[in-house]
Amino acid sequence: MFDRIACALAITMLAPACAVQESASNPSANPKTAESVPDGSAWQPYPGASKDAEFLKKTPAAFRPFVERCDPWDDWDKPAPPFKIHGSTYYVGTCGIAAILVANDDGLALFDSGTEGGARIVEDNIRTLGFDPLNVKALVVSHEHFDHAGGMAYLQKLTGAAIYAGQAASPVIRSGQSDPKDPQAGMHEPMEPVPGSVRSVKNGEIGTVAGLEITAISTPGHTYGAMSYQWKSCEGDQCLTLVYADSLSPVSSDEYKFSENEGYVTSYFDGLERLGRLDCDILLTPHPSHSQMLKRMRTDTMIEPTACAYYAIGKARDLEKRLRREAEETE
Ligand SMILES: [Zn+2]
């Protein structure tokens, strides 16, 4: 336990000992490896789907309806009650897929749409919170898959808002056709092409959308165009850094091999390294289950400054495992 925390803290302080680092022992022969990293994916096991009264008592009241309704791994289109995360940042997604709303004086910024069907639930949730979906001025994409961006066409038609996405994600969002280089190419149905503008964002770019200053962080790996985003949230005297970190799981079609795409694997580890070093008081992820959101909601507030480091370490180890398996299969 101590090692895990020390390592996560070390990563956040840029110490090289635990960070994803260079090693000659990587079975894929790629220059980056997570070999020396303790198992960050071994967060305390989630207590299960039971709506245990003791847990619910400790759960902040604002989170309770969501915790009562949703399970740790839940359906992508199952309606969920929206709730305030912190300051002017709200969860407006379904039980299984996140959509994050940030309300500013200049309008609303929405991160991800959910699926095509899920976008209607997101729209309803925005209204339930008392906001007008027509005030959404920016639609921001984590990665170019239908479960997170499949509702972008619907929401852009509804709001007229500009869409912001990673450089490699933008053509996919525009056309609805998956990127042939995508590890999951050919696995999903095409998405509806979006009718309006799609603006590409780059790593390190700081932009103001709908009055919100956002830093874009390139985190390729799950897809080529995958982006994570960071912004500040203030509530009273408390100002926190929020990170919406992309999926980052090495999932692919049966034929795809990460080990045959060495440059991609290097950029995958680079993105994880960037993510693990971010200031990150509250971590949010497109699949809430990937960062054990329900567990964090049940036991306290969602504040956990080491969460991005744990998350990055866990994903680096998943990628290592995947590369090892591919090496074994080709032996
Ligand atoms: Zn995906």
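Would a scan of the stretch 257-277 turn up a residue that is touching a residue at least 24 places away in the same chain (Cβ under 8 Å) and within 22 Å of residue 92 (Cα to Cα)? Taking every residue of the stretch 257-277 in turn, none turns out to be touching a residue at least 24 places away in the same chain (Cβ under 8 Å) and within 22 Å of residue 92 (Cα to Cα).
Is it fair to say residue 202 is more than 16 Å from the ligand (Cβ to nearest atom), surrounded by fewer than 19 Cβ atoms within 10 Å (Cβ to Cβ) and of a type in the set (Lys, Arg)?
Yes, satisfied.
Could you please find all residues in the stretch 217-235 being closer than 19 Å to residue 90 by Cα and not charged (D, E, K, R)?
Of all residues in the stretch 217-235, those closer than 19 Å to residue 90 by Cα come to 228-235.
Passing the criteria: 228, 229, 230, 231, 233, 234.
For the stretch 118-132, the candidate set comprises residues that are within 25 Å of residue 171 (Cα to Cα) and of a type outside the set (Gly, Ala, Ser); within that set, the residue that is nearest to the ligand (Cβ to nearest atom) is 122.
Looking at the stretch 97-112 only, could you name the residues that are surrounded by 24 or more Cβ atoms within 10 Å (Cβ to Cβ) and outside any strand (DSSP E or B)? Residues satisfying the conditions are 97, 98, 99, 112. Of all the listed residues (115, 94), the sole one being part of a loop (DSSP other than H, G, I, E, B), without any contact (Cβ under 8 Å) to a residue 40 or more places away in the chain, touching a Pro at 6+ places or on another chain (Cβ under 7 Å) and within 16 Å of the ligand (Cβ to nearest atom) is 94. Scanning the stretch 52-69 for residues that are surrounded by 14 or more Cβ atoms within 10 Å (Cβ to Cβ) and modelled with pLDDT under 70 returns a single hit, 55. Out of 144, 116, one residue alone is surrounded by fewer than 24 Cβ atoms within 10 Å (Cβ to Cβ) and among the acidic types (Asp, Glu). It is 116.
Number of residues in the stretch 281-329 that are out of contact with any His (no Cβ under 8 Å at 6 or more places or on another chain), of a type in the set (Ser, Thr, Tyr) and crowded, with 21+ Cβ neighbours inside 10 Å equals 3. Looking across the stretch 140-190 at every residue that is of a type in the set (D, E, K, R) and either within 16 Å of the ligand (Cβ to nearest atom) or assigned to a strand (DSSP E or B) (or both), the one that is farthest from residue 228 (Cα to Cα) is identified as 189.
May I ask you to list the residues in the stretch 188-217 that are out of contact with any strand residue (DSSP E or B) (no Cβ under 6 Å at 6 or more places or on another chain) and within 17 Å of residue 247 (Cα to Cα)? The answer is 188, and nothing else.
The residues of the stretch 150-191 that are under 18 Å from residue 119 (Cα atoms), in contact (Cβ under 8 Å) with a residue 40 or more places away in the chain, surrounded by 16 or more Cβ atoms within 10 Å (Cβ to Cβ) and not hydrophobic (A, V, I, L, M, F, W, C), listed by number, are 150, 154, 156, 164.
State all residues of the stretch 311-323 that are under 17 Å from residue 183 (Cα atoms) and in contact (Cβ under 8 Å) with a residue 24 or more places away in the chain; if no residue qualifies, say none.
Passing the criteria: 315, 316, 318, 319, 320, 322, 323.
Looking for something in contact with a Cys (Cβ under 7 Å, 6 or more places away or on another chain) and within 24 Å of residue 230 (Cβ to Cβ) - is there at least one such residue anywhere in the stretch 111-132? There is no residue in the stretch 111-132 that is in contact with a Cys (Cβ under 7 Å, 6 or more places away or on another chain) and within 24 Å of residue 230 (Cβ to Cβ).
When the stretch 186-211 is filtered for residues that are hydrophobic (A, V, I, L, M, F, W, C) and within 28 Å of residue 268 (Cβ to Cβ), the ones remaining, listed by number, are 187, 191, 194, 198, 201, 206, 209. Counted as qualifying within the stretch 205-324 are the strands (runs of 3 or more DSSP E) with 2 or more residues that are under 15 Å from the mean Cα position of the chain (by Cα) and more than 16 Å from the ligand (Cβ to nearest atom), namely 212-218, 227-235, 238-244, 282-284.
The values are calculated or read from the model by the stated rules, or taken from the named source; none is laboratory data. In this text, all values refer to a predicted model and were calculated from it rather than measured experimentally. As a convention, Cβ positions derive from the backbone with ideal geometry for all residues, glycine included, and neighbour counts pool all protein chains shown.
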